Amino acid sequence: VICLRQANSGSSSPRRLATAARRFRISCTPRLSAALYGVLAQLPSVRLGHTTDLAGQKVLSLYRTEDGYLRREIFINPVTYAYAGQLVVAIRPHTSSGLDGTVSVRAGELLADDANITSQIVDHPGGR
């Protein structure tokens, strides 16, 4: 049994969407992966789209706005439903202050990205 709980839009845990996607990276069948991503897509704060990832691949995109200025997007292979990467970009200018200083981001600034080009099961650690 799998249970996903929707966080409030003011949640102090903004990485839940990406965390859920990374957990689905384990060896799931395409059918199970599709079902799990379908659950995420039904959450009120999550949107489903089509885009091109950082490697130029056509992918499905699950995304949400977090903290009012971040767009967190996970990419999914539309054929295998495998995790294909992520993107985090500022959609509004924002300044945060903390004990270690002040950080400002501009609208359009890329904060995190990755693209999963290929993956495979190997016979031993480090194998190709």
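With the condition kept exactly as written, say whether any residue in segment 69-82 is in contact with a Gly (Cβ under 6 Å, 6 or more places away or on another chain), crowded, with 20+ Cβ neighbours inside 10 Å and at pLDDT 85 or above.
Yes.
Of all residues in segment 55-105, which are over 20 Å from Leu32 (Cα atoms) and of a type in the set (A, V, I, L, M)?
Ala55, Leu70, Leu87, Val88, Val89, Ala90, Ile91, Leu99, Val103, Val105
When you scan segment 114-128, how many residues do you find that are open to solvent by 80 Å² or more (accessible area, probe 1.4 Å), in contact (Cβ under 8 Å) with a residue 12 or more places away in the chain and under 21 Å from the mean Cα position of the chain (by Cα)?
2
In this structure, does Gly85 turn out to be surrounded by fewer than 20 Cβ atoms within 10 Å (Cβ to Cβ) and small (Gly, Ala, Ser)?
no
What's the total number of residues in segment 88-101 that are of a type in the set (Asp, Glu) and either crowded, with 20+ Cβ neighbours inside 10 Å or touching a Lys or Arg at 6+ places or on another chain (Cβ under 9 Å) (or both)?
The qualifying residues number 0.
Determine the pairs where a residue that is over 13 Å from Arg72 (Cα atoms), located within segment 39-55, has a partner that is among the hydroxyl-bearing types (Ser, Thr, Tyr) and surrounded by 16 or more Cβ atoms within 10 Å (Cβ to Cβ) with Cβ atoms under 8 Å apart, the partner being 6 or more residues away or on another chain.
If the second residue must be among the hydroxyl-bearing types (Ser, Thr, Tyr) and surrounded by 16 or more Cβ atoms within 10 Å (Cβ to Cβ), the pairs left are His50/Ser61; Thr51/Ser61.
Have a look at Val59, Val46, Val39 and point out the one that is aliphatic (A, V, I, L, M), touching a Ser or Thr at 6+ places or on another chain (Cβ under 7 Å) and open to solvent by less than 70 Å² (accessible area, probe 1.4 Å).
Criteria check complete, one pass: Val59.
The values are calculated or read from the model by the stated rules, or taken from the named source; none is laboratory data. What you see is a predicted model; the values in this text were computed from it and never measured. Note: ideal-geometry Cβ built from the backbone for every residue, glycine included; neighbour counts use all protein chains shown. Just so you know, the surface numbers come from the protein's heavy atoms only, side chains and all, with ligands and any DNA or RNA stripped out. Shrake-Rupley method; radii C 1.70, N 1.55, O 1.52, S 1.80 Å.
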